[in-house]
Structure formats: C-alpha cells, structure tokens
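The structure appears below as structure tokens.
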Amino acid sequence: MSDDLDALKSRTEADLAAATDLRAWDAVRVAVLGKSGSLTALLKELGKVAPEERRERGAALNRLKDSLNAAIEARRTALETAALEARLAAERMDVTLPPRPHPAGLIHPISRTIEEMAAIFGAMGFEVAEGPDVESDWHNFGALNIPAHHPARADHDTFYLPPVAGQSMPPVLRTHTSPVQVRTMLERSLPFRVVVPGRTYRADHDATHSPMFHQIEGLALGRDITLGHLKGCLIDFLRTFFGISTLPVRFRSSYFPFTEPSMEVDIGWNRKTGELGGGGDWLEILGSGMVHPKVLANAGIDPREWQGFAFGMGVERVTMLKHGIPDLRPFYESDIRWLRHYGFNPLAPAMLHEGV
Ligand code: DAH
C-alpha cells in the first residue's frame, strides 16, 4: 500500500481510538467516508491516476475502504456496548434493600374502641346503626319521655341551634346517642338488636368533659327479652372488652326517664392504683334498663307485645380506663406525639380475648 494510504489508515485508526462517544465516532466516520471525506476524495481522484497504475491503486483503495469500514463498525459496536454498560451500572438498583421507612397513619384510640365494641356486640347479633348529630327536640328528648320542663333536661347542658320556622322547639346537637333508639324503632322491623356509636355534645369542658364526646348506645327489642338478657349481655361485653374474665360487675338501681327499671352498671377496680378487676372499689361505667313502655308507644310500638333493653356508655371513659390514658383533653388536640404514643397500628386489627 502506498504511503498516503498507510498514513490515512493509521490516522483514522488513531482518531477512532480517540473517539470516546458515538458523536465523536460519527465525526470520524464522516471525515473519512462522507461526501467530502478523505477516502471518498481519493476514490474520486482514481480517474486521474495513470492507466498503468490505476488497477493496483484501485485494488489498494478498495482494501483500505474495507479495512476502514470494519474498523469503524468495530468501534461503533465497542462504544455502544460501553454506553449500555454505563447506563446499566448507573441505573442499577439493589432489589434486596428494605424499603425506606415512611410515616404510617395510626388509628385513633376512639376509633379503635368503637371498632372493638362493634366486633364484640356484633358477635352477639347486634348490627351497627347511625343517626344525625343535629337532632329534633322530639328525638333527643320528647320521644324518650323527657318532655319540656322535665328536670332531666337540666343534666344535659344542651347546645340549642337557631329555631326552624314551623317547628315549636329548636333543633339540638344530640346530647346522647339515645335518639337513635327512637329512629331505629321507627325504621326497623321487629325484632332487632342494634348498637349505635357516635358523637354527642354537651356544653361542658374540663379535665374530664369535652363539649364533643362519644357514646355507644345499645337497643335489643323482641317479644321475650328480659332483664336477665340485659345482665348477661353487659357482663359478657365488659369482661370481653376489658379482657378480664373475672371482672366484677354490679347492677345498681338508678333512674333514667326512658327506662324502667333503670340500672347503672359498675365494674370492680382499685381506686388507689387504677387497676381494673379486684381491689374492692366500684367504678360506674354505663347506664341501662328495660325500655320504658311510653318510649315504645311514642315510636309506634305496642308495649304489650314488644319489650327489650337499652344501654348507653361513654366511649372516651372506657378507652381511658382500658389503655391507662390519664387526660381527656388530648384526645382532640391532634398532637402527633400523643397519637404516636396511644394510636394503634392499622395493620394489627382488634384482638378479641377468646374464651372470656
Ligand atoms: N342516654 C344516657 C346518658 O347520656 C345513657 C343511657 C342510660 C342510655 C340508660 C341508655 C340507657 O340507653 O338505657 O346519660
């Protein structure tokens, strides 16, 4: 091969080696094989070569062209492979690494308690019912045998709402979940058993009272439901809920306008240590009774044919007792530190204490 072709070959090979990416590689290719490339120019000049040298020169140019084409293609393959490997290395990820921790939401203790209560009563055949927070005076008081001027109204610290045209009494924020007794009596067909968890409101605010709090109401109606059923149901519930199979439970005669007879229910605890179970002291935990015949009649149910029991309980109070939460106010302060301490893992559902 003549010197100029040798020089072109080694220069191109050096340029290719120096091209470290595809863009530089393409510049080398165009400079050699492009329209005005150096090899293209030599091929064009072949016509000017003396006829006796042309054959040999042509063959040499063709060999050079094949060799440069091969070198250019080989370099392209090498650069493409290197680029792919660099990309694979850059995008590599270790799929065996554990995921980054991310903040998980927690279930508020009140929601958790309501969920547990619904599960325990659900196992006893109770369905969950609901009613509105804004109630008529009749549902909240009248139908429950608490007429206007009844002294029991004074206990309720009621939030009254602006009067509504055409209604003699202003609506109220319900002071208890008992109005939902009336609603279910009017709506459901007998017999039925319901529990009603929900928000309730009273104009009262201190360490143990919040103007908004929660109650759960229970109502079981049938033809032959007795006070014995009431006792059995509530004893079973309290022992299951607190997870203490020997929890002492006491029924104490009391008064509510919507039940007759009425009973308050106490559980055994130790007043000094706060420990539930033994200890010889009693703690009032809920109100209950046999539904007053007048309440049944107010809801259009014949009290000679149907009877049953009802109960109502404060959700915050039993939640505080069960989990040793000392103060009521932080329940609604949305302090994330409080929730991290007292909240529940949403992936660990309520465990019922079996065999209690
Ligand atoms: N509604 C009552 C209250 O808020 C609690 C209550 C007592 C509900 C006795 C009942 C019951 O259903 O039978 O103080």
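The values are calculated or read from the model by the stated rules, or taken from the named source; none is laboratory data. If you're wondering where the values come from, they're calculated on a predicted model, not measured in any experiment. Cβ: placed from backbone, ideal geometry, glycine included. Neighbour counts: every protein chain shown.
Considering only the stretch 114-126, state which residues are surrounded by fewer than 20 Cβ atoms within 10 Å (Cβ to Cβ) and out of contact with any helix residue (DSSP H, G or I) (no Cβ under 7 Å at 6 or more places or on another chain).
Across the stretch 114-126, the qualifying residues are Glu115, Ala118, Ala119, Gly122, Ala123, Gly125.
Can you pull out the residues in the stretch 18-56 that are within 16 Å of Ala71 (Cα to Cα) and in contact (Cβ under 8 Å) with a residue 24 or more places away in the chain?
Once the filter is applied, which keeps residues that are within 16 Å of Ala71 (Cα to Cα) and in contact (Cβ under 8 Å) with a residue 24 or more places away in the chain, the stretch 18-56 yields Ala19, Thr20, Asp21, Leu22, Trp25, Val28, Arg29, Val32, Leu33, Ser38, Leu39.
Restricted to the stretch 245-261, and to residues that are touching a residue at least 40 places away in the same chain (Cβ under 8 Å) and part of a loop (DSSP other than H, G, I, E, B), which residue is farthest from the ligand (Cβ to nearest atom)?
In this case the residue turns out to be Ser245.
Which one of these does His176 not meet: (1) closer than 23 Å to Val315 by Cα; (2) not in a loop (DSSP other than H, G, I, E, B)?
(2)
Those residues that are over 28 Å from Glu85 (Cα atoms), modelled with pLDDT of 90 or more and of a type in the set (A, V, I, L, M), I need them from the stretch 5-31; list them, please.
Ala7, Leu8
Does His229 meet the test of being within 15 Å of the ligand (Cβ to nearest atom) and within 13 Å of Val318 (Cβ to Cβ)?
no
So Ile301 fits all but one of (1) in a loop (DSSP other than H, G, I, E, B); (2) free of Cβ contacts under 8 Å to residues at least 40 places away in the same chain; (3) surrounded by 14 or more Cβ atoms within 10 Å (Cβ to Cβ); what number is the exception?
(2)
Can we say Phe311 is free of Cβ contacts under 8 Å to residues at least 40 places away in the same chain, within 14 Å of the ligand (Cβ to nearest atom) and of a type in the set (Phe, Trp, Tyr)?
For Phe311, the condition - free of Cβ contacts under 8 Å to residues at least 40 places away in the same chain, within 14 Å of the ligand (Cβ to nearest atom) and of a type in the set (Phe, Trp, Tyr) - is not met.
Residue-by-condition table, conditions (1) more than 29 Å from the chain's Cα centre (by Cα); (2) among the acidic types (Asp, Glu):
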{"site": "Ala118", "(1), (2)": "no, no"}
{"site": "Glu130", "(1), (2)": "no, yes"}
{"site": "Asp137", "(1), (2)": "yes, yes"}
{"site": "Ala148", "(1), (2)": "yes, no"}
{"site": "Ala152", "(1), (2)": "yes, no"}
{"site": "His156", "(1), (2)": "yes, no"}
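Among the residues of the stretch 127-134, is there at least one that is buried (at least 19 other Cβ atoms within 10 Å of the Cβ) and either among the small types (Gly, Ala, Ser) or within 16 Å of the ligand (Cβ to nearest atom) (or both)?
Scanning the stretch 127-134, I find at least one residue that is buried (at least 19 other Cβ atoms within 10 Å of the Cβ) and either among the small types (Gly, Ala, Ser) or within 16 Å of the ligand (Cβ to nearest atom) (or both), so the answer is yes.
From the set of residues in the stretch 234-257 that are surrounded by 21 or more Cβ atoms within 10 Å (Cβ to Cβ) and touching a strand residue (DSSP E or B) at 6+ places or on another chain (Cβ under 7 Å), which is nearest to Trp282 (Cα to Cα)?
The selected residue is Leu238.
I'm trying to understand the selection: among the residues of the stretch 279-297, which are in a loop (DSSP other than H, G, I, E, B) and touching a residue at least 12 places away in the same chain (Cβ under 8 Å)?
Gly280, His292
I'd like the residue in the stretch 328-354 that is modelled with pLDDT of 90 or more and among the acidic types (Asp, Glu) and, out of all such residues, is nearest to the chain's Cα centre (by Cα).
Ranking the candidates gives Asp335 first.
Quickly run through the stretch 267-293 and pick out the residues that are exposed (fewer than 15 other Cβ atoms within 10 Å of the Cβ) and within 16 Å of the ligand (Cβ to nearest atom).
Correct list: Glu284 only.
Test Glu264 against the criterion of being within 16 Å of the ligand (Cβ to nearest atom), part of a strand (DSSP E or B), within 17 Å of Gly122 (Cα to Cα) and in the same structural domain as Ala118 (by TED's automatic domain parsing), and give yes or no.
No, not satisfied.
Looking only at residues that are of a type in the set (A, V, I, L, M) and over 20 Å from Met212 (Cα atoms) in the stretch 146-156, which one is nearest to the ligand (Cβ to nearest atom)?
Per the criteria, the residue is Ile146.
For the stretch 94-134, enumerate the residues that are more than 25 Å from Leu234 (Cα to Cα) and touching a Phe, Trp or Tyr at 6+ places or on another chain (Cβ under 9 Å).
Residues satisfying the conditions are Leu106, Ile107, Asp133.
Quick check, is Ala154 exposed (fewer than 13 other Cβ atoms within 10 Å of the Cβ), assigned by TED's automatic domain parsing to the domain that holds Arg183 and assigned to a helix (DSSP H, G or I)?
yes
Counting just the residues of the stretch 157-215 that are within 23 Å of Gly122 (Cβ to Cβ) and loosely packed, with under 13 Cβ neighbours inside 10 Å, which one comes out nearest to the ligand (Cβ to nearest atom)?
Top of the filtered list is Glu187.
Identify, from the list Arg223, Arg239, Arg202, the residue that is within 18 Å of Met263 (Cβ to Cβ) and of a type in the set (Lys, Arg).
Unique residue meeting the criteria: Arg239.
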